[in-house]
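Presented below is the structure to which this report refers.
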Amino acid sequence: MIRLVWSQFGIAFSALLPLVNPLGSALVFYGLIGAAPPEVYRRLARRIAINTVLFLLVIELIGAALLSFFGVSLPIMEVAGGLVLAAMGWSLLNQQGADAHQQEKEDRAPASDIDKLFQQTFYPLTFPITAGPGCIVIMLTLSAHASTHRLIPDLFAHLGVFIAIIVLCVLVYFAYAYAPLITRKISPQTANGIVRIIAFLLLCIGVQIAWNGVSSLVLTLMKHS
């Protein structure tokens, strides 16, 4: 059974890591947050990490039933989620560049802006910035593979997936909490360039996810025509 736990852990972690991409997402996170005290970054990182654990766990346990209840198919979810990601990538790609060395301004961030940030810890900072539509599809797939309708093996398989989620979200916490420090290790021009590249990749990922959904819908339509 221990082998089953580690097997599911390895599958889940390797599947989710490229999608969540803590380091790359931290650069996007820094680009969105901008000037804020270090304590704000740590509190936001803690909330986002906890939200991500709960979000992925809910999807893993009841995601398929939830989509079925609302009558939403995976292709439709991919189209909608892909468009949201593409829109956020486009917005980030075209915003003014943030100075990577603005630590002297951080303590002067307006309180109203900080309050607004904490209201956005789930949307968009948790979903879809940290865990997007691609993660939902992966979690639904992992849940299906871990469910064999045998109680004990299912419990250990889901435990492996849960451990992978926890480890991944710990990485998310440290990457987000120290996003300003990570960004300061490189020059402002390089940081701005990396944020632009990540934003472009976010745009491309959104378009790809939406295209996958459209392709599935077209195939379904052709089968019924």
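What to note about this one:
- All Cα pairs of the chain, percent lying beyond 26 Å: 41 percent
- Its DSSP H runs of at least 4 residues, each contributing -39,500 (n - 2.57), put the calculated 222 nm mean residue ellipticity of the chain at -27000 deg cm²/dmol, to the nearest 500.
- Neighbour counts of other Cβ atoms within 10 Å put Asp115, Asp154 in the fewest-to-most order Asp115, Asp154.
- Ranking of Phe69, Phe162 by neighbouring Cβ atoms within 10 Å, starting from the fewest: Phe69, Phe162.
- With neighbours defined as other Cβ atoms within 10 Å of a residue's Cβ, the residues Ser91, Ser143 order from fewest to most as Ser91, Ser143.
- For Gln8, net neighbour charge (Lys/Arg +1, Asp/Glu -1) across residues whose Cβ lies under 12 Å away: -1
- Separation between Cα centres of segment 2-18 and segment 42-93, rounded to whole Å: 20 Å
- Separation of the Leu155 and Phe200 label points, Cα + 7 Å toward Cβ, nm: 5.1 nm
- Farthest toward the positive end of the dipole of the chain, out of Ala36, Phe122, Ser216, is the Cα of Ser216, where the dipole comes from beta carbon charges about the Cα centre.
- Those residues of segment 123-157 whose amide nitrogen sits under 19 Å from the label point placed on Val72, 7 Å along Cα→Cβ: 123-144
Where a number appears in this text, it was derived from the coordinates with a stated rule and is not lab data. Quantities reported herein were computed from a predicted structural model and do not represent experimental measurements. For neighbour counting, all protein chains shown are included, and Cβ atoms are generated from backbone atoms with ideal geometry for every residue, glycine included.
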